[in-house]
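*Asks:* Below: one structure in structure tokens.
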Amino acid sequence: MTSHIKLQFAHPPARPGDKPDFSSLEIPQAGTLPVLAHDVAAQDCIDHANSLVRVLNDAGEAVGPWAEYLALEDPDALRSGLRDMMKSRIIDMRMMNAQRQGKMSFYIQGIGEEAVGCGFQRYLRKGDMNFPTYRQQGLLIAAGYPLEKLMGQFYSNSFDPLLGRQLPTLHSAREYGYFTVSGNLGTQYVHAVGWAMANALTGQDTIAIGWIGDGSTAANDFHTALLSASSYWPPVILNVVNNQWAISTYTGVARGHGRTYAARALGYGIPAIRVDGNDYLAVLAASKWATERVRQGHGAVLIEWYTYRVGAHSSSDDPSAYRPKDEAKAWPLGDPIERLKQHLILIDEWSEARHVQAESEILAEVIEVQKRVEAAGTMLDPQPIPGASLFKGVYADTPEHIRRQRQEMGV
């Protein structure tokens, strides 16, 4: 007797040695979806959760209703956004090189995903709180976080606000609306919803923003957070950054046979949209819409940012072991920096010469800060932080057994 029961396993369309294949992706034309009402219900978001909000077309023109919605965006704001993304990429390149030189233990880069964090930050206010993953460093860069602190955290030296007590790239900056990053990413969603509920209960006028990768949607925390957000309608934006890979695991494993991650939220009664995450203007438009909706008291919303992780998952990963070497170049939604640059040149607000000059200026700034921070200690030139720092900022009232441990250490 032959059984007809069998399991199915998700496989990427191409593996190392194969030609990259994105032919199964459905990429709609830019400007085809309307702008939703802020009080839209989940059942009216089906098209937006299954398609893509796009603003920039292949020629670099801003088209459609979401472009009109962004009519107030001036060229200076777009140039500033371009510089934020360029700075984020240059920092990534410099820090990866430093890690390879043995100056730091670990690094996680966000190459290819710069538009998501750098664009989203533009619509946040003081007091709003992000619950980010390690790949949302662009939120800090766009918020003007001091580069000395940013880099000091990588090197775990005296410039590090956390005094070496966290892994590199797991930043924590309360005053910049950046909650401590957790290595276990799913937990950020639960914290974001809880923080938003507490804000609503205490009459605060600020919002929470949860961040998660596509792989972490398979964690229980994702569903727990969505159920709570659906039940209590707190002021929270739940972001899923779908960059196609969870370390070496293909995104199809976490998505299952569902069509999109955004559509998953509709089952909980939460409105959701899916956005071209490599289109800086689409990121701005969606961020503006979502923050306005939540601030107006219409409850939670989920955004799936559709993008591609160009680099390795971390400095400990080798993506050539599980995907085609040139897959990133074949990604059909292009590079976020090149697309915004093309748009600005098209509207006579940028040029190739200005771009080269800006790259040179940003690189010089990053190198100058990097030299100062490295002078305070690297793994090749250790300058240990005093042991007493281990005990600072942990407890308001130090427990007796911790106090004894400190005495035993003699610090």
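*Asks:* For segment 1-145, max minus min Cα coordinate along each principal axis, in Å, sorted largest first?
*Replies:* 69, 51, 35
*Asks:* Size of the chain along its principal axes in angstrom, Cα-based, largest extent first?
*Replies:* Principal extents (largest minus smallest coordinate, Cα): 65, 61, 53 Å.
*Asks:* Roughly what % of Cα-Cα distances in segment 84-218 sit above 22 Å, to the whole percent?
*Replies:* Taking all Cα-Cα pairs of segment 84-218, the fraction more than 22 Å apart is 36 percent.
*Asks:* Pairs to check: LYS19/LYS329; LYS87/LYS371; LYS19/LYS341; LYS371/LYS392. Give those whose C-alpha atoms are more than 20 Å from each other in this structure.
*Replies:* The pairs that break the limit, which is 20 Å between Cα atoms, are LYS19/LYS341; LYS371/LYS392.
*Asks:* Still on this structure, I have one more. Computed from the mean reciprocal separation of all distinct C-alpha pairs, what Kirkwood hydrodynamic radius does segment 153-210 have, in Å?
*Replies:* 12.7
*Asks:* Can you give the calculated 222 nm mean residue ellipticity of the chain, where each DSSP H run of n ≥ 4 adds -39,500 (n - 2.57) and the sum is split over every residue, rounded to the nearest 500 deg cm²/dmol?
*Replies:* -12000 deg cm²/dmol
*Asks:* Less than 12 Å Cβ to Cβ from GLU327, Lys/Arg counted +1 and Asp/Glu -1: what total charge do the surrounding residues give? Present the calculation step by step, with values, prior to reporting the outcome.
*Replies:* Details: positive: ARG15, LYS19, ARG309, ARG323, LYS325, LYS329; negative: ASP18, ASP21, ASP326.
Once all neighbours under 12 Å are counted, the net charge is +3.
*Asks:* If you average over every viewing direction, what projected area does the convex hull of the Cα atoms of segment 301-405 give, in nm²?
*Replies:* 14.3
*Asks:* Right, here's the next one. Which value in Å is the Kirkwood Rh of segment 305-353 over different Cα pairs?
*Replies:* The answer is 13.0 Å.
*Asks:* Same structure, new question: Each residue of segment 211-218 in order: what ³J(HN,Hα) in whole Hz does its phi give by Karplus 6.51 cos²θ - 1.76 cosθ + 1.60, θ = phi - 60°, with x for Gly and Pro?
*Replies:* Result, rounded to whole Hz: 10, 8, x, 4, x, 6, 5, 7.
*Asks:* How large is the convex hull of the Cα atoms of segment 65-134 per residue, expressed in Å³ as a whole number?
*Replies:* Convex hull volume per residue, Cα atoms: 124 Å³.
*Asks:* Taking the Cα centre of the chain as origin, sum charge times position over the Cβ atoms of Lys and Arg (+1) and Asp and Glu (-1), and report the length of that vector in debye to the nearest 20.
*Replies:* It works out to roughly 1140 debye.
*Asks:* If you wrap a convex hull around the C-alpha atoms of segment 185-227 and split its volume per residue, what is the figure in Å³? If you can, show how the numbers build up before the last one.
*Replies:* Numbers: hull volume 2.3 nm³, N = 43.
Looking at segment 185-227, the number lands at 54 Å³ per residue.
*Asks:* Using Cα springs under 10 Å in a Gaussian network model of the chain, which residue among SER51, SER316, SER105 shows the largest mean-square fluctuation?
*Replies:* Among SER51, SER316, SER105, the largest GNM mean-square fluctuation belongs to SER316.
*Asks:* Through the Karplus equation 6.51 cos²θ - 1.76 cosθ + 1.60, θ set to phi - 60°, convert the phi angles of segment 176-191 into ³J(HN,Hα) values in whole Hz; use x for Gly and Pro.
*Replies:* Running phi through 6.51 cos²θ - 1.76 cosθ + 1.60 with θ = phi - 60° gives 10, x, 10, 5, 3, 6, 9, x, 8, 5, x, 4, 4, 5, 5, 5 Hz.
*Asks:* More than 23 angstrom separation, counting every C-alpha pair in segment 268-362; what % is that?
*Replies:* Values: 2218 of 4465 pairs.
More than 23 Å apart: 50 percent of the Cα pairs in segment 268-362.
*Asks:* When only Cα pairs under 8 Å and 6 or more residues apart are kept, what is the percent relative contact order across the chain? Before the final figure, lay out each step's value.
*Replies:* Numbers: 761 pairs, mean separation 97.4, N = 411.
Result for the chain is 24 percent.
*Asks:* Kirkwood-based Rg over Rh for segment 346-392 (C-alpha set), two decimals? Show your work: numbers first, answer last.
*Replies:* Details: Rg = 19.0 Å, Rh = 14.0 Å.
Dividing the radius of gyration by the Kirkwood radius yields 1.35.
Read-outs: derived from the displayed coordinates by stated rules, not from any lab. Values in this document were obtained by computation on a predicted structure and should not be read as measured data. Virtual Cβ from ideal backbone geometry, glycine too; neighbours counted across all protein chains shown.
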